[in-house]
């Protein structure tokens, strides 16, 4: 009897140790973070109940923050504009560790095996690799280019199959394929003269193609990761060559694009259009007129709908495109300064950050009715933990 009681006591103590007495056990699959950009904080949210669980603060400058998740969905890694890299425990509601690894950072990625965090930097330009466990610096890759070894801003950093990362050099006009199998001694394959000023990039969901958008000229730079020896192809070079040049109020995000079958939906730079591209031959299929300059063009998980938000002065709007016939089937007005959208894992709802009205609005994606609203301080990015199992995000 004493033995049984002893085992029961040990079990009870272990359970008390494992869980905070003020918190109930929970899974991590329906959790997410909402960036509060001006407060340097994030909201930990539950997507099933559409509720806020906690606020985690002291994360630095989050004006262009992005997030990736560990493969077990327990930890989130927040990349701050001030070079901060923060590791957050989603089950303990706390900041596990924070380092400042550069002067100006623009985003990051997590490796295929979940062991390496890569960060792309503006100042100084380059990529750094860190241990996902300890945030120990494993390697530093300066983004040098040209005969005089200038440093370039690094953009469009994504993870790719084979323990690789891919990124672009804005001033260097290059794409880099980084092999991080040995993260302390990464190998870099460089593709030169890929086009002027690549500003962002996308990876197809199967990890096959990496496409960098070009700000300094028309078109996209395309790298086939299955056949990188073929080099970079320039596609859509004739798109918009006769269009009137208009001011670009906000650069579109190519990571906020979508694939529906063999079709890609991509935001057009400086135009009131969403481009539809056939990825079998990389030809332009359709130019869909929309309400403003698109920033994010994002697909519902079943790829039946594409949701679009816009740059100023049209950033109070959202539009929904029907993939079946390329029509705009709904225009919504959530509020002032819609900055980001995120679909729940199976797409029954979409969360929308409305910065200038300090709120996050949740819509049903079938009838477009608002189902919830959460208070948030100047929200921008929204990131859900199901991203942990997706390439290129």
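The values are calculated or read from the model by the stated rules, or taken from the named source; none is laboratory data. Since the model is a prediction, treat every value here as computed from it, not as a measurement. Ideal geometry is used to build each Cβ from the backbone, glycine not excepted, and the neighbour counts take in all protein chains shown.
Structural remarks
Yes or no, residue by residue, for (1) more than 18 Å from residue 377 (Cβ to Cβ); (2) in contact with a strand residue (DSSP E or B) (Cβ under 7 Å, 6 or more places away or on another chain); (3) in a loop (DSSP other than H, G, I, E, B); (4) at pLDDT below 80:
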site: 11; (1), (2), (3), (4): yes, no, no, yes
site: 21; (1), (2), (3), (4): yes, no, yes, yes
site: 26; (1), (2), (3), (4): yes, no, yes, no
site: 44; (1), (2), (3), (4): no, yes, no, no
site: 48; (1), (2), (3), (4): yes, no, yes, no
site: 55; (1), (2), (3), (4): no, yes, no, no
site: 68; (1), (2), (3), (4): yes, yes, no, no
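- Test result for residue 320, modelled with pLDDT of 95 or more, closer than 25 Å to residue 62 by Cα, in contact with a strand residue (DSSP E or B) (Cβ under 6 Å, 6 or more places away or on another chain) and surrounded by 17 or more Cβ atoms within 10 Å (Cβ to Cβ): no
- Search result, residues across region 29-42 that are modelled with pLDDT under 95 and crowded, with 22+ Cβ neighbours inside 10 Å: 37
- Pairing residues of region 118-136 that are on the phi > 0 side of the Ramachandran plot and surrounded by fewer than 21 Cβ atoms within 10 Å (Cβ to Cβ) with residues that are at pLDDT 95 or above and assigned to a loop (DSSP other than H, G, I, E, B), at Cβ distances under 9 Å and at least 6 apart in sequence or on separate chains, gives 135/101.
- Evaluating residue 269 against the criteria (1) modelled with pLDDT under 90; (2) buried (at least 20 other Cβ atoms within 10 Å of the Cβ); (3) within 18 Å of the chain's Cα centre (by Cα) leaves one unmet condition, (3).
- Selection within region 202-229: residues that are under 29 Å from residue 132 (Cβ atoms), in a strand (DSSP E or B) and at pLDDT below 90. The member of this set that is nearest to the chain's Cα centre (by Cα) is 202.
- Test: residue in region 230-245 that is modelled with pLDDT of 90 or more, in contact with a strand residue (DSSP E or B) (Cβ under 7 Å, 6 or more places away or on another chain), surrounded by 19 or more Cβ atoms within 10 Å (Cβ to Cβ) and closer than 30 Å to residue 99 by Cα: no
- Qualifying positions in region 304-335 - without any contact (Cβ under 8 Å) to a residue 24 or more places away in the chain and within 19 Å of the chain's Cα centre (by Cα): none
- Within region 73-178, strands (runs of 3 or more DSSP E) holding 1 or more residues that are at pLDDT below 95, in contact with a helix residue (DSSP H, G or I) (Cβ under 6 Å, 6 or more places away or on another chain) and within 29 Å of residue 222 (Cβ to Cβ): none
- Positions within region 336-381 being without any contact (Cβ under 8 Å) to a residue 60 or more places away in the chain, buried (at least 20 other Cβ atoms within 10 Å of the Cβ) and either more than 24 Å from residue 78 (Cβ to Cβ) or touching a helix residue (DSSP H, G or I) at 6+ places or on another chain (Cβ under 7 Å) (or both), in sequence order: 339, 363
- Verdict on residue 73 being within 17 Å of the chain's Cα centre (by Cα) and closer than 28 Å to residue 27 by Cβ: yes
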